[in-house]
Structures are given as C-alpha cells and as structure tokens.
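*Asks:* Here it is, the structure, as structure tokens.
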Amino acid sequence: MSEFEEGRRAFASFRVLNGEDSHSERDQLFRNMAKLFSFVSDRCEDEQVAQYDEALCLLAELVEVEARAHVAKILAPLQRAPGTVVVKLANDDIEVARPLLEFSNVLSDDDLIDIIEKHSEAHRLAIAGRATVTERVGEAIVEHGDTASVIKLVRNANAEIGKAALEKLVARATSDAAIAEDLRNRAEIDWKSLRGEIDSVADKVLETLGEVDGRFDPITAGKVNAVVYKRMRNRAGFNAQEWKVAYNQVRALADRKQLDDRALARFARFGYGHHAAAAMAVMLRVGPETVVKWLASQDYAAVTVALRAAGLKPDLFGAIAPTLPWRDLPTEDHQRMVTSRFEALEEEEARNIFELWRAHSFRKRHAASQEDRQAMTA
C-alpha cells in the first residue's frame with residue numbers, strides 16, 4: 001500500500017476523535033496514524049510533528065492497551081518522534097512502555113529518571129538494559145531499584161557508573177552477594193585503590209563487603225578508573241552519536257513546550273553540552289550543521305550573538321558556554337572574553353545581527369541553488 005493510501009486511511013475517520021465510532025475504529029486509526037508517521041518522520045516539519053503529536057495523544061486516551069502497545073513499538077526505533085505521546089506511552093503499563101524504555105532515543109535523562117522514581121521495577125529493568133545509561137540515570141536506578149534492576153545495570157557494559165552511584169552500590173553489596181559479585185566484575189573499576197576515592201563511611205562498608213563473599217579482599221579495594229569520570233572532566237570534543245541523540249531529545253522537549261531557561265540550566269548543571277548546542281539550533285531555527293560548524297571552528301562570536309539573540313541572561317550564558325562541545329575546551333581567558341562581549345551586547349542588537357546573518361545566508365544558498373540549476377540545464 002502506498003504512503004498516500006496509508007495517509008487517506010489514517011485521516012479518513014477523524015470522527016472518532018469526537019467519539020462517533022467503535023473501539024475498533026479508534027484502534028485502527030491510532031495504528032494507521034502512527035504507521036504513517038513512521039513513513040514520513042524524517043521529512044516532517046516541526047509543525048507537522050506537533051499535529052501528529054496532538055492527535056496521537058488524544059487517541060491514546062481512547063484506545064485499548066493492545067493498540068497503545070502496537071504504536072509504542074512503531075515509535076520506539078524512530079530518531080524523530082512526537083515528544084508528548086512518546087513520554088505518555090513510556091509512562092504507561094509496562095507492556096506498552098517497554099519498547100520505548102529500552103530503545104527510544106527521544107526520552108531524555110529527566111524523562112527516564114522520572115519514570116524510575118514513579119513506576120514499577122519492570123520499568124526500571126527495561127531502562128537498566130538500554131544501549132546507553134548515563135550516570136544520572138544509573139544513580140536513580142541504584143537509589144530506587146530492587147536487586148533485579150540494579151544487577152542488570154551493573155552487568156550493562158554501556159552503563160556509566162559514577163562515584164555517587166558506586167558508593168551506594170558498595171553499601172548495598174554488603175547485604176547482597178549477587179550485587180557484590182557483579183560489581184567486582186566491572187572491567188573499568190580498579191579495586192586496588194577504592195579506599196582513597198570513597199568516603200570514610202563507604203570505606204568501612206568495604207571492609208564488611210569481604211564478609212559477604214570471602215573471595216573479596218577489602219585490603220585491595222581501589223578507586224574508580226579515570227574512564228568513569230572522563231566525560232565529566234573533559235567536556236570538550238564533538239561526538240556525532242551524542243549530537244544525534246541530543247538533537248532529537250531537544251526537539252522532543254520543544255514538542256512538549258518545555259525547552260526553556262529551566263531546561264538550559266539543567267543542561268549546564270549536568271554538563272550536557274551537546275544538548276545545550278542542540279537547544280541553540282532549535283530555539284533559533286537554524287540547521288544543526290550551522291551550530292556544528294560554529295563549534296568546530298571555535299567561533300565564539302557567532303555563539304555569543306546567537307545565545308544573546310535567543311534571550312539568555314548573562315548568568316545562564318556563563319553556565320552554558322563552557323559546556324558546549326567545542327573542538328577545544330575554552331581557556332579561562334576565552335571564557336572571560338566571551339562573557340564580556342555577551343554582557344556588552346544588547347539583546348535587540350544581537351537579534352538584528354542574527355537576522356541579517358540569516359538573510360545573507362539564505363541569499364547565498366538561493367544563489368548557489370540557481371547556479372546548480374543553470375549548470376544542469378546548460
């Protein structure tokens with residue numbers, strides 16, 4: 001069946017939104033609309049995504065669990081999916097939520113942490129096995145999870161275990177031999193010097209850990225290897241995969257009308273540089289390749305004007321700018337320079353500069369496309 005025919009089927013029965021139908025019609029419309037979106041998701045403008053999002057959210061309230069589970073499976077692998085309905089289904093019963101919790105890159109760390117805190121152990125199990133589990137998400141699982149989800153997290157080689165989570169894991173391992181065994185097998189942990197990194201309370205816990213499993217020697221306990229803290233210590237450097245995930249998550253946040261100063265402050269607080277850069281692209285409606293170019297060329301002037309035009313206040317700018325994934329980490333002199341320029345620049349002036357740049361850039365692209373067409377017809 002062609003995409004056109006799928007679309008006609010998907011939108012033909014919109015009377016179901018007013019309740020003028022049977023359950024089967026609602027379910028079928030819900031499934032068809034999600035399937036249609038999966039065909040065109042990479043070509044949809046933000047306004048179109050918002051329309052799908054609104055309709056799918058409304059239908060999700062009207063359909064049975066089987067239909068919601070079917071749609072969740074369709075949306076889970078998409079790089080671009082309507083943000084509100086994805087979060088809605090991810091907070092649903094586990095048979096609906098599982099594929100999204102396991103695979104969706106649209107769910108942010110904040111979304112996952114909220115689900116970990118509010119939902120079942122089955123939800124935490126699904127999250128613990130994701131292809132990537134960040135430190136914050138891992139810490140939430142250790143804090144709120146039962147043994148099953150904690151063990152799954154520790155066994156996940158792609159899960160980042162930070163210092164705070166490690167201390168909690170060590171404490172839990174004193175009374176849980178299974179956690180102790182799997183924790184000891186983490187390849188990136190050097191158990192020979194853990195005492196020097198963990199506080200005195202956790203140090204005493206480590207001595208007890210030897211009583212749980214006689215094969216563990218507390219004398220040889222050591223610190224977390226530098227690999228665990230690499231991301232936190234060095235935020236510089238652009239990573240294409242991180243950028244792809246961050247950009248889609250930020251667009252989903254914008255779908256939900258939650259891309260604001262509070263979101264930017266969280267990005268800065270937790271060192272989510274790729275998310276901060278993606279937010280700049282989305283808020284200013286510029287192509288992601290433009291922002292990537294600024295970062296790769298260390299174009300402090302462009303970023304300063306862009307963030308001022310976006311309406312950031314000086315304190316937020318000061319927090320965001322150093323976390324961006326620049327090619328090289330800005331020096332203290334660079335940070336003082338850009339902060340000084342930002343404070344001296346009026347928001348209206350920045351907007352005028354930015355709009356002039358945008359118009360000039362559009363003319364250049366338009367001229368280039370005309371030259372290409374003339375060359376093709378010559």
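*Asks:* If the Cβ limit is 9 Å and pairs must be 6+ apart or interchain, which residue in the range 288-300 that is over 10 Å from Trp326 (Cα atoms) pairs with which residue that is of a type in the set (Ser, Thr, Tyr) and exposed (fewer than 14 other Cβ atoms within 10 Å of the Cβ)?
*Replies:* Thr290/Ser361
*Asks:* Which of the following residues is more than 23 Å from Arg136 (Cα to Cα) and assigned to a helix (DSSP H, G or I): Leu312, Leu295? Can you show your working first?
*Replies:* Working: Leu312 fails: assigned to a helix (DSSP H, G or I).
The conditions single out Leu295.
*Asks:* Within the range 146-160, is even one residue under 19 Å from Asn91 (Cβ atoms) and in contact (Cβ under 8 Å) with a residue 24 or more places away in the chain? So that I can check it myself, show each step before the final result.
*Replies:* Within the range 146-160, the first condition is being under 19 Å from Asn91 (Cβ atoms), and the residues that meet it are 149.
This time we only want the ones that are in contact (Cβ under 8 Å) with a residue 24 or more places away in the chain, so: 149.
Scanning the range 146-160, I find at least one residue that is under 19 Å from Asn91 (Cβ atoms) and in contact (Cβ under 8 Å) with a residue 24 or more places away in the chain, so the answer is yes.
*Asks:* In addition: Please count how many residues of the range 6-53 are modelled with pLDDT under 75, open to solvent by 70 Å² or more (accessible area, probe 1.4 Å) and in a helix (DSSP H, G or I).
*Replies:* Selection size over the range 6-53: 5.
*Asks:* Only residues that are under 20 Å from Arg285 (Cα atoms) and buried (at least 22 other Cβ atoms within 10 Å of the Cβ): list them for the range 54-79, please.
*Replies:* If the condition is that a residue be under 20 Å from Arg285 (Cα atoms) and buried (at least 22 other Cβ atoms within 10 Å of the Cβ), then no residue fits.
*Asks:* Please go through the range 337-351 and pick out each residue that is closer than 15 Å to Asp299 by Cα and not aromatic (Phe, Trp, Tyr).
*Replies:* Let us first name the residues in the range 337-351 that are closer than 15 Å to Asp299 by Cα, namely 337-339, 341-342.
Once the filter is applied, which keeps residues that are closer than 15 Å to Asp299 by Cα and not aromatic (Phe, Trp, Tyr), the range 337-351 yields Met337, Val338, Thr339, Arg341.
*Asks:* Can you say whether Val250 is open to solvent by 20 Å² or more (accessible area, probe 1.4 Å) and not basic (Lys, Arg), as far as the supplied structure shows?
*Replies:* Taking the combined requirement at face value, the residue does not satisfy it.
*Asks:* Right, something else. Within the range 317-341, take every residue that is among the hydrophobic types (A, V, I, L, M, F, W, C) and buried (at least 18 other Cβ atoms within 10 Å of the Cβ) and give me the one that is nearest to Tyr247 (Cα to Cα).
*Replies:* In this case the residue turns out to be Leu324.
The values are calculated or read from the model by the stated rules, or taken from the named source; none is laboratory data. Not measured: the values here are computed from a predicted model. Glycine gets a Cβ as well: all are built from the backbone with ideal geometry, and neighbour counts include every protein chain shown. Calculation scope for accessible area: heavy atoms of the full protein, side chains included, ligands and nucleic acids excluded. Shrake-Rupley method; radii C 1.70, N 1.55, O 1.52, S 1.80 Å.
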